[in-house]
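Encoded as structure tokens, the structure appears first; notes follow it.
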Amino acid sequence: MPQIVVLPHHLLCPDGAVIEAPAGTSVCDALLENDIDIEHACEKSCACTTCHVIVREGFDSLNEAEEKEEDLLDKAWGLEANSRLSCQAIVADEDLVVEIPRYTINHASENH
Ligand code: FES
């Protein structure tokens with residue numbers, strides 16, 4: 001089963017984690033099933049940006065982002081070339097390394 005290495009996040013997973021996810025699972029569901037409580041404000045319907053992750057390794061193994069996801073990502077805090085909305089990124093058969101950005105747009109607008 002593919003592994004997902006989750007890099008440390010100060011609140012959600014301070015020590016980082018290594019989890020397993022069957023192919024076909026969204027990265028968001030894989031995180032949630034392993035008690036990494038990533039935000040998913042729109043309930044995974046590709047209508048927010050709170051589930052944003054940066055895929056440090058294995059990006060090319062994921063399904064391609066659709067235009068709607070790309071449009072939303074443009075608004076995400078800390079956007080990078082390998083950013084995805086985790087609820088739309090489906091695990092294939094390769095291992096991944098995933099970073100959860102420090103802020104979501106919700107935090108950014110409250111605190112900055
Ligand atoms: S949870 Fe809203 S886009 Fe993923």
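Over the Cα atoms of the chain, Rg to Rh with Kirkwood Rh, two decimal places? Ratio value, two decimals: 0.93. Relative contact order of region 1-91: what whole-number percent is it, with Cα pairs under 8 angstrom and at least 6 residues apart? This gives 31 percent for region 1-91. Length available on full extension from ASP15 to ARG102: 0.36 nm per residue minus the Cα-Cα distance, which gives 29.9 nm. Given +1 at the Cβ of Lys and Arg, -1 at the Cβ of Asp and Glu and no other charges, the dipole of the chain around its Cα centre is 320 debye to the nearest 20.
Expressed as a whole percent, the accessible surface of the chain that belongs to carbon and sulfur atoms is 45, based on a 1.4 Å probe. Region 1-59 to region 69-97: how many Å between their Cα centroids? Between the Cα centres of region 1-59 and region 69-97 lies a distance of 10 Å.
The values are calculated or read from the model by the stated rules, or taken from the named source; none is laboratory data. Just so you know, these numbers come straight off a predicted model, no measurement behind them. Cβ coordinates were reconstructed from backbone atoms using ideal geometry, including for glycine residues, and neighbour counts include every protein chain displayed. What goes into the accessible areas is simple: the full protein's heavy atoms, side chains included, and nothing from ligands, DNA or RNA. Shrake-Rupley method; radii C 1.70, N 1.55, O 1.52, S 1.80 Å.
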